[in-house]
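Colleague: After the C-alpha cells below, expect a handful of questions from me.
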Amino acid sequence: MAGELQIARRYADAYFALAKQAKDIPAWRTALETVAAILGDPKVLRTLGDPRFTQRDRAQLVVDLLKDVPAPARNLARLLAERGRVAVLPLVLQRYEQLADREAGVLRAEVLTALPVSASLEKTISRQLAEKLGGEVQTTVRQDPSILGGLVIRIGDRVIDGSVRTRLQALQAALA
C-alpha cells in the first residue's frame, strides 16, 4: 500500500502541476473524477485485468472508453494503463483533491456523531470549525452509534475525539 501511495502521489502531483499551470484546477478535477468513475466500473476493471490483453491493448481500450474526456485526463489514464497501474487511480484522485483543496484554502472535516444531526447543527459545526481553524471548512457528517455520544472530528491527519466512548475508555483505564 505504501508503494501505491507513493506512485499515486507522483502522478497526482504532476497532473496537479499541469492543472495549476493551465489555471483550471476545478475542470481538471472534474475530468479526473470522470476517469476514475469510468475506469472504476467493475466490468472495466475485470477487462483491464484480463491477462489475455497486452499493455498496448489495455491502453487502447482506455483511450476508446475516454474519448469524450479532456486530453490531459485521458493521457494520464492511458499512461496508467500502459504501466499496469490503473488500480492507483482512486489514490491519484484523492491526492489531487487534497492538493486542490490546499490551493483553494479549503479544509475538509469528517464529523462522526452518535445520533442524526440536523442541517442547522451541521452548519453550526462547520461555521465553528471555520472560526477555530481560520479558513473555509467543508464538513461531511456521518452517523456512528458506536461512539455513544459527542463528536469525533477528523481534519486531515488530526483527530479531535470528544466521544463518550473514548471518555469511558479513559475512565476505565484510570480505574484499572
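Colleague: I'd like the Karplus ³J(HN,Hα) series for the stretch 85-97: coefficients 6.51, -1.76, 1.60, θ = phi - 60°, whole numbers in Hz, and an x wherever there's a Gly or Pro.
Modeller: 10, 4, 4, 8, 4, x, 6, 4, 4, 4, 5, 4, 4
Colleague: Another question, if that's okay. If you average 1/r over all unlike Cα pairs in the stretch 1-44 and invert the result, what Kirkwood radius do you get in angstrom? Could you put the intermediate results ahead of the total?
Modeller: Details: mean 1/r = 0.0865 Å⁻¹.
About 11.6 Å for the stretch 1-44.
Colleague: Over the stretch 41-85, what lengths in whole Å, largest first, do the semi-axes of the equivalent ellipsoid take, defined as the square roots of 5 times the eigenvalues of the alpha-carbon gyration tensor? Write out the running numbers ahead of the final one.
Modeller: Values: eigenvalues 57, 25, 14 Å².
The equivalent ellipsoid of the stretch 41-85 has semi-axes of 17, 11, 8 Å.
Colleague: Right, here's the next one. What ranking, highest mean first, results for peptides 84-95, 126-137 when packing means the other Cβ atoms within 10 Å averaged over each residue?
Modeller: Values: 84-95: 19.2, 126-137: 13.9.
Descending packing order for the listed peptides: 84-95, 126-137.
Colleague: Something else: Sketch the reach of a paramagnetic label on Ala104 as a point 7 Å from Cα along Cα-to-Cβ, and name the residues of the stretch 67-96 whose backbone nitrogen lies under 15 Å away.
Modeller: 94-96
Colleague: Under 9 Å from the Cβ of Leu99, count the other residues' Cβ atoms, weight Lys and Arg +1, Asp and Glu -1, and hand me the total. Write out the running numbers ahead of the final one.
Modeller: Values: positive: Lys20, Arg95, Arg102; negative: Asp13, Glu97, Asp101, Glu103.
Once positives and negatives cancel, what remains is -1.
Colleague: Can you check how the C-alpha radius of gyration of the chain compares to 2.2 N^0.38 Å, as a plain ratio? Please report the intermediate quantities before stating the final value.
Modeller: Values: Rg = 20.5 Å, N = 176, 2.2 N^0.38 = 15.7 Å.
Cα Rg divided by the expected 2.2 N^0.38 Å: 1.31.
Colleague: How many percent of the accessible area of the chain is carbon or sulfur, using a 1.4 Å probe? Intermediate results must be reported in sequence, preceding the final value.
Modeller: Details: 6070 of 11070 Å².
Solvent-exposed carbon and sulfur of the chain make up 55 percent of the total.
Colleague: Another one. Translational D (Stokes-Einstein, µm²/s) of the stretch 61-164 at 37 °C and 0.692 mPa s when Rh comes from the Kirkwood sum over C-alpha pairs?
Modeller: 202
Colleague: Just going by the charge dipole of the chain, with Lys and Arg at +1 and Asp and Glu at -1 on Cβ, which of Val164, Leu61, Gln94 is farthest out on the positive end?
Modeller: Leu61
Colleague: Report the charge-dipole magnitude of the chain in Debye, nearest 20, computed about the Cα centre from +1 at each Lys and Arg Cβ and -1 at each Asp and Glu Cβ.
Modeller: Working: 26 positive and 20 negative charges, 57 e Å.
Roughly 280 debye for the chain.
Colleague: OK, next. On a 1.4 Å probe surface of the protein chains, which of Glu103, Glu122 comes out largest in accessible area, and what is the full order? Intermediate values should be presented prior to the final figure.
Modeller: Values: Glu103 95, Glu122 60 Å².
Per-residue accessible area, sorted high to low, gives Glu103, Glu122.
The values are calculated or read from the model by the stated rules, or taken from the named source; none is laboratory data. Given the structure is predicted, the values throughout are model-derived calculations rather than measurements. Reconstructed Cβ throughout: ideal geometry from the backbone, glycine too, with neighbour counts over all protein chains shown. Note: areas computed on protein heavy atoms with side chains; ligands, DNA, RNA excluded. Shrake-Rupley method; radii C 1.70, N 1.55, O 1.52, S 1.80 Å.
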